[in-house]
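A short reminder: the numbers here are calculations on the coordinates, not readings from a lab. Computed from a prediction, not measured in an experiment: that's the story for all the values here. Virtual Cβ from ideal backbone geometry, glycine too; neighbours counted across all protein chains shown.
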Amino acid sequence: MWKITLENIKIAATSIKSQLLRTCITVFIIAIGIWALVGILSVVNALKHTIVADFSSMGANTFTLSQYDTAGKIAKNQSTQVENPPITYAQAQDFKTRYAYPFSSVSLSFTAASNIEVKNDYAKSDPEVSIVGCDENYLSNSGLQVEVGRGLTYTDSKNNHFVCVVGSDFSKNMFKGQSPINQQISVRGYKFKIIGILKEQGSTFGQNEDQRVFIPLQLARTIFNETNINYTLKVGVLQEGLLNEAIDQATIDFRASRNLAPANPSNFGIERSDDMIRSLEKQVDILNMAAWLIGMITILGSSIALMNIMLVSVTERTKEIGIRKSLGAKRKTIAQQFFTETLIIGQLGGLIGTMLGIGTAYLMTSLLHFTFAIPWEAISAAFITTLVVAVISGLYPAIKASKLDPVEALRYE
């Protein structure tokens, strides 16, 4: 059995070498289909990993009360929504007073400014920095980890200490290799001492999460005193099994804070930390289906091309087949020889296409700042697909070659 298999491989290799140009064209046609399939699946897989990584930073067991239900809007593909009033400071504070659910903590925050410039004694930043006013619970409820130093405390918030926690970009760009801890930065002319540096977050939909400065809430309200500030409430629940009940209680309490009558619908949104991930994963699954469709259409063309090439090969080698049969070769042996040749060509195309697809995906994810992961699913799909293509494309030519009449084959010119 093994001797016959090795002999078939040698014969296939000899045939491939004798028709090198045609073989290369066939391999490249197959590679294009696998390239498209693996490349698209890899990029979609990287997008999925990036979404999960980005939104897991919201905290594993938290929910957010905000002006709108963004996750619900995405899930329902809504382009418009009812205009909800912003969450005021009085309403947010009233909710914090009312809400006393066990094993939970409430944080209050707002985006004080975006795209502003921050300075220190050495340099100044690009006008891309966001200032977030928050309390002592915000970082933990948002899943943000302090890598060096410490976070904001109750004392910092209560006594309006001029301290801040900054994103990881500040340690790279503004302090010329020195540690930013206990150094000062200037925000709107006010000097803040850096007490903590966050772990690197990366970008979320083009927004750099590592260029944020977190300052005590009351100081942010004083420095960035604007009308109609929209506040955000985050609630962290220590025990996962209590999350649904905590959300129900938060809905009741915040409706009271908004002075809503029982008959009135809620004019705010509550988003679980995993709602956005589930909603976006649905969109990614649609892209995944589209990727498979595009890949399958391309591979269908590759299958037809491979079958035609092998039929031409059978026709050109008719006399050779007649000689082999006259020397005692069985139909099964002839079929195996052609089938082996088809498998080798198919796997060569699959291997080249897989390598091209992974390389292209890595380049694309680097340019788009996605989290690249080895696409084992796409590689497995490529291997199985090329095997199926080879079987389908090689079966008919192999059977046709095995059924040739040896006398007629010997007379073929």
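State, as an integer percentage, the relative contact order of region 60-272 based on alpha-carbon contacts under 8 Å between residues 6 or more apart.
That works out to 35 percent.
What list of ³J(HN,Hα) values in whole Hz, one per residue of region 183-197 in order, does the Karplus curve 6.51 cos²θ - 1.76 cosθ + 1.60 (θ = phi - 60°) give from phi, with Gly and Pro shown as x?
8, 10, 10, 10, 10, 6, x, 9, 9, 10, 8, 7, 10, x, 10
Pairwise over distinct Cα atoms, reciprocal of the mean inverse distance: report the Kirkwood radius of region 60-272 in Å, one decimal place.
It is 18.2 Å.
Report, largest value first, the span of the C-alpha coordinates of region 90-145 along each principal axis, in whole Å.
46, 26, 16
Quick check: residue separation of residue 21 and residue 366 times 0.36 nm, minus the Cα distance between them. What number comes out in nm?
120.7 nm
Go ahead and run the numbers for FRET between residue 84 and residue 244, Cβ-Cβ distance against an R0 of 22 Å, rounding to 0.05.
Working from the Cβ atoms, E equals 0.40.
Please list, in chain and number order, the residues 5+ apart from residue 145 or on another chain whose amide H is under 5 Å from its amide H, with Hs placed from the backbone.
For residue 145, the qualifying residues are 199.
Compute the acute angle (0 to 90°) between the alpha-carbon long axis of helix 20-55 and the principal axis of greatest extent of the alpha-carbon atoms of the chain; round to the nearest 10°.
Rounded to the nearest ten degrees, it is 20.
Extending each Cα 7 Å along its Cβ direction at residue 123 and residue 251, get the distance between those two points in nm, one decimal.
That separation, rounded to one decimal, is 4.9 nm.
Report the local net charge at residue 121: Lys and Arg +1, Asp and Glu -1, summed over other residues whose C-beta lies under 11 Å from its C-beta.
So the environment of residue 121 carries a net charge of +4.
Please pull out the direction-averaged projected area of region 140-192, using the convex hull of its alpha-carbon atoms, in nm² to one decimal place.
The Cα convex hull of region 140-192, projected and averaged over all directions, gives 4.4 nm².
Suppose we keep just the DSSP beta bridges with both residues in the chain; what percent of those would be antiparallel, to 5?
80
Could you put 258, 188 in order, starting from the residue whose Cβ has the fewest other Cβ atoms within 10 Å?
188, 258
Let's test the formula: R0 of 56 Å, r as the Cβ-Cβ distance of residue 376 and residue 261. What FRET efficiency results, to the nearest 0.05?
So the FRET efficiency works out to roughly 0.55.
Under unit Cβ charges (Lys, Arg +1; Asp, Glu -1), what dipole magnitude, rounded to 20 debye, does region 60-272 have relative to its Cα centre?
380
In the neighborhood of residue 199, defined by Cβ-to-Cβ distances under 11 Å, what is the net charge if each Lys or Arg adds +1 and each Asp or Glu adds -1?
Around residue 199, the charge tally is -4.
Rounded to whole Å and ordered largest first, report the semi-axes of the equivalent ellipsoid of region 206-342 derived from its Cα gyration tensor (root of 5λ).
Sorted largest first and rounded, they come to 72, 20, 15 Å.
Kindly express, to the nearest 10 degrees and within the range 0 to 90, the angle between helix 89-98's C-alpha long axis and the longest C-alpha principal axis of the chain.
In the chain, helix 89-98 runs at an angle near 90 degrees to the longest axis.
Charges on Cβ only, +1 for Lys and Arg, -1 for Asp and Glu, centred on the Cα centroid of the chain; of 168, 84, 103, which one is farthest towards the dipole's positive end?
Among 168, 84, 103, the one farthest towards the positive end of the dipole of the chain is 168.
Normalised by the number of residues in the chain, what is the relative contact order in percent for Cα pairs under 8 Å and 6+ residues apart?
Once normalised by length, the contact order is 30 percent.
Could you tell me, in Å, what Rg and Dmax come out for the Cα atoms of the chain?
32.2, 103
List, in order, the whole-Hz ³J(HN,Hα) value for each residue of region 114-124 obtained from phi through the Karplus relation with A = 6.51, B = -1.76, C = 1.60 and θ = phi - 60°; use x for Gly and Pro.
10, 6, 10, 9, 10, 10, 8, 6, 9, 7, 9
Placing +1 on the Cβ of each Lys and Arg and -1 on the Cβ of each Asp and Glu in the chain, which of 112, 39, 286 has its Cα farthest towards the positive end of the resulting dipole?
It is 39.
Taking every pair of alpha-carbon atoms in region 120-169, give the share separated by more than 12 Å as a whole percent.
Cα-Cα pairs in region 120-169 separated by more than 12 Å: 70 percent.
Given a Förster radius of 51 Å and the C-beta distance between residue 332 and residue 173 as r, what FRET efficiency does 1/(1 + (r/R0)^6) yield to the nearest 0.05?
0.15
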